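*Asks:* Take a look at this one; I'll ask things after.
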């Protein structure tokens, strides 16, 4: 195996077209992200057909820029990693087919990467000393998972959402109180100006045995509060609703994460996914880890949102195991992290 492995990674699972060059899994030589947020703001959420079209328009330029910034040409690239699921099928297909084309044209190995595995792997980039095993809370617009990372590429899902993902709930509540899209950062900012004790929203724990999550009941409770207040002509404070809702989500996420760590007797906890950039979640998990004398690691915000560097990192560990894909690699929108 080479001493210096260079992976070109491509990510197009939702509304970011991204490409990155990663050296030995953890050294980011370039991380180019073309976001479509301003386009999808008009619609209050991601429109799959629009996202796919923009990926087609952007992907060639994004990949070229990633190579240029890394000062690497195609001959030096050792493999091409690409997200093949989960995500929007049309968006995924753009990245997968582009990567397959490059793999064929450049005669380089192709590596299919699970998007959730990518999010988890962002922690290896942030914390160069991080090694498995550890507990990882993956919280994003499409997923809320508690994962025991047994080893590189070896995962046990200890809990996941039974309905809405945490990020999805943030988006829906943000719309309901007139904050717009994307909901996560807007709720986070509004919550800083609100009183998290103002409204008592439920903390849905389900039961003591499961580490699964449920956010649909909380979402309904918030919507009912807003509806009832309007019927009584009572003023609704968007900041107080945001703060109280966020506190309810964060409390449950932190509670379950700490419970997972205790079950596995694991003293290292990591955070991943778009919701991992939420300031209250980061602070609350940090506080609990300090109390329990656990190590806590979290990616920088740019590595929490969809990016290709995390895909390159996950791809590197697959490269070491020679876990290559062939030309039959296809988009799998509902791809699971573990069986």
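Just so it is clear, none of the values below were taken in a lab; they were calculated from the coordinates. Computed from a predicted model, the values in this text were never measured in an experiment. Here the Cβ is made from the backbone with ideal geometry for all residues, glycine too, and neighbour counts use every protein chain on show.
*Asks:* Percent relative contact order of the chain, based on C-alpha pairs within less than 8 angstrom and at least six residues apart?
*Replies:* Numbers: 759 pairs, mean separation 84.8, N = 339.
Relative CO of the chain lands at 25 percent.
*Asks:* Calculate how steeply helix 309-320 sits against the longest principal axis of the alpha-carbon atoms of the chain, using the helix alpha-carbon long axis, and give the answer as 0 to 90 degrees to the nearest 10.
*Replies:* Helix 309-320 sits roughly 50 degrees off the main axis of the chain.
*Asks:* State, to one decimal in nm, how far the label point of residue 78 lies from the label point of residue 302, with both points 7 Å from Cα in the Cβ direction.
*Replies:* 2.4
*Asks:* Between residue 230 and residue 206, what length in nm is gained on full extension when 0.36 nm per residue of separation is reduced by their alpha carbon distance?
*Replies:* Details: separation 24, 0.36 × 24 = 8.64 nm, distance 2.99 nm.
Extra length available between residue 230 and residue 206 comes to 5.7 nm.
*Asks:* Further question on the same structure: Tell me, what is a quarter of the convex hull surface for the C-alpha atoms of the chain, in nm² with one decimal? Before the final figure, lay out each step's value.
*Replies:* Numbers: hull surface 68.3 nm².
Approximately 17.1 nm², given one-decimal rounding.
*Asks:* A further question follows. Give me the base-10 log of I(q)/I(0) for region 132-298 at each q in 0.09, 0.15 Å⁻¹, Debye formula, one uniform scatterer per Cα, rounded to two decimals.
*Replies:* -0.29, -0.77
*Asks:* So, one more: Taking 2.2 N^0.38 Å as the expected size of a compact globular protein, what ratio does the Cα radius of gyration of region 152-245 give against it, to two decimals? Please report the intermediate quantities before stating the final value.
*Replies:* Working: Rg = 14.9 Å, N = 94, 2.2 N^0.38 = 12.4 Å.
After normalising by residue count via 2.2 N^0.38 Å, the value is 1.21.
*Asks:* Once the convex hull of the alpha carbons of region 36-119 is built, what does its volume come to per residue, in cubic angstrom? Don't skip to the end; give the middle numbers.
*Replies:* Numbers: hull volume 9.0 nm³, N = 84.
So the per-residue hull volume is 107 Å³.
*Asks:* Can you give me the angle between helix 238-263 and the longest principal axis of the chain, using Cα atoms only, in degrees from 0 to 90, rounded to the nearest 10?
*Replies:* On a 0 to 90 degree scale, this one is about 60.
*Asks:* Please give the helix 216-231 orientation as an angle from the longest Cα principal axis of the chain, in degrees from 0 to 90, rounded to the nearest 10.
*Replies:* The angle comes out at about 50 degrees.
*Asks:* Now, a different point. First check a/c for region 165-214, with a ≥ b ≥ c the square roots of the eigenvalues of its C-alpha gyration tensor; if it is under 1.5, answer rounded, and if not, answer prolate when a/b is larger than b/c or oblate otherwise. Mind dumping the intermediate values first?
*Replies:* Details: a/c = 2.73, a/b = 1.59, b/c = 1.72.
Taking the square roots of the gyration eigenvalues as a ≥ b ≥ c, region 165-214 is oblate.
*Asks:* Simple spin-label model, 7 Å along Cα-to-Cβ: residue 53 to residue 264 in nm?
*Replies:* A separation of 4.3 nm, rounded to one decimal place.
*Asks:* Using a 7 Å offset from the Cα along the Cα-to-Cβ direction at both residue 293 and residue 131, what is the distance between the two label points in nm, to one decimal?
*Replies:* Here the modelled spin labels are 2.1 nm apart.
*Asks:* Cut-off 10 angstrom, C-alpha nodes, Gaussian network model of the chain. Which of 271, 137, 29 fluctuates the most?
*Replies:* 29
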